[in-house]
Amino acid sequence: MKATVRAGTHIEGLHWVAEYFQEGHEIRVLREGQEVCVYDAPPTLFGDEKDAGSKSCADHRAGEAALLASLKRFVAEHDSEE
């Protein structure tokens, strides 16, 4: 199973990555290369764009931005629980 969209960022010195898998509509989160969590992607993560045909560069960047926003929200909630 290959990730459809992948986005990463450094937050408080740690490298976080989110991978979106279209087949299961899931997001896998990794911290420093280690899996932290796999969860169902929000139904509105990519809106109707996923059914619109082939993606342009702008569509791909928008998908990465949506996934990155989801990752940042996950990290903020994850860090507040610890």
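Structure summary
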quantity	calculated
Amide H contacts under 5 Å for T4, placed H, 5+ residues apart	Y20, F21, Q22
Extension gain (nm, one decimal) between H78 and K2, 0.36 nm per residue minus Cα-Cα	24.9 nm
Under 5 Å, built H, 5+ apart or other chain: amide partners of H25	none
Protection proxy ranking of 69-75, 39-45 - average other beta-carbon atoms within 10 Å, highest first	69-75, 39-45
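Rule-based calculations on the coordinates, nothing more; no lab input. Note that the structure is predicted; figures quoted are calculated from it, not measured. Note that each Cβ is placed from the backbone with ideal geometry, even for glycine, and that neighbours are counted across all protein chains shown.
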